[in-house]
1. Please indicate, with yes or no, whether at least one residue in segment 49-56 is in a strand (DSSP E or B) and either open to solvent by 50 Å² or more (accessible area, probe 1.4 Å) or of a type in the set (A, V, I, L, M) (or both).
2. Could you pull out the residue among 10, 35 that is under 18 Å from residue 114 (Cα atoms), among the small types (Gly, Ala, Ser) and touching a His at 6+ places or on another chain (Cβ under 7 Å)?
3. Of all residues in segment 6-44, which are at pLDDT 95 or above, out of contact with any strand residue (DSSP E or B) (no Cβ under 7 Å at 6 or more places or on another chain) and not polar (S, T, N, Q)?
4. Test of understanding: among 46, 113, which residue is farther than 21 Å from residue 3 by Cβ and open to solvent by 60 Å² or more (accessible area, probe 1.4 Å)?
5. Contact list please: Cβ distance under 9 Å, first residue in segment 62-86 and part of a strand (DSSP E or B), second residue surrounded by fewer than 19 Cβ atoms within 10 Å (Cβ to Cβ) and aliphatic (A, V, I, L, M), pairs at least six apart or on different chains.
6. Can you give me the number of residues within segment 1-16 that are under 15 Å from the mean Cα position of the chain (by Cα) and either over 18 Å from residue 50 (Cβ atoms) or aliphatic (A, V, I, L, M) (or both)?
7. Out of the residues in segment 18-43 that are part of a loop (DSSP other than H, G, I, E, B) and either of a type in the set (Asp, Glu) or at negative phi (or both), which is most open to solvent (accessible area, probe 1.4 Å)?
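The values are calculated or read from the model by the stated rules, or taken from the named source; none is laboratory data. Values in this document were obtained by computation on a predicted structure and should not be read as measured data. A quick note on method: Cβ atoms are made from the backbone with ideal geometry, for glycine too, and the neighbour counts reach across all protein chains shown. Side chains included, ligands, DNA and RNA excluded: accessible areas come from the protein's heavy atoms. Shrake-Rupley method; radii C 1.70, N 1.55, O 1.52, S 1.80 Å.
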Amino acid sequence: QVQLVESGGGLVQPGGSLRLSCTASGSIFTIYVMGWYRQAPGKQRELVAHISSGGSTQYADSVKGRFTISRDNAKNTVYLQTNSLTPEDTAVYYCYANIRQSLVHGGMDFWGEGTLVSVSS
């Protein structure tokens, strides 16, 4: 079994910053893509950013230049540094990872339970 556990969410004022973390644990052979989605109230879940095992990154247009995704492969951890936050960034942020659990398994998507980021004055 695999678990993803997020941390770092909270309440922040507009213009502020938060650093989200997500660590994968359990039966892991290799981790391919890791990333973050978010879901605001009344809206569909959307991709924020993802990062390959080699470090290639992709961002949603709405966060480019403000958010930075990174990962520590030795710790099975992905980070999301969020800067210049606005109320429009308020959402539950979900971590995900495509993980291969053994040589006989293919890659599967696993999700964390989410961490709330609330931007308000």
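1. Checking segment 49-56: at least one residue is in a strand (DSSP E or B) and either open to solvent by 50 Å² or more (accessible area, probe 1.4 Å) or of a type in the set (A, V, I, L, M) (or both).
2. 35
3. Of everything in segment 6-44, those that are at pLDDT 95 or above, out of contact with any strand residue (DSSP E or B) (no Cβ under 7 Å at 6 or more places or on another chain) and not polar (S, T, N, Q) turn out to be 15, 16, 43.
4. The unique qualifying residue is 46.
5. Note: pairs meeting the criteria are 67/60; 82/12.
6. Matching residues across segment 1-16 total 6.
7. 43
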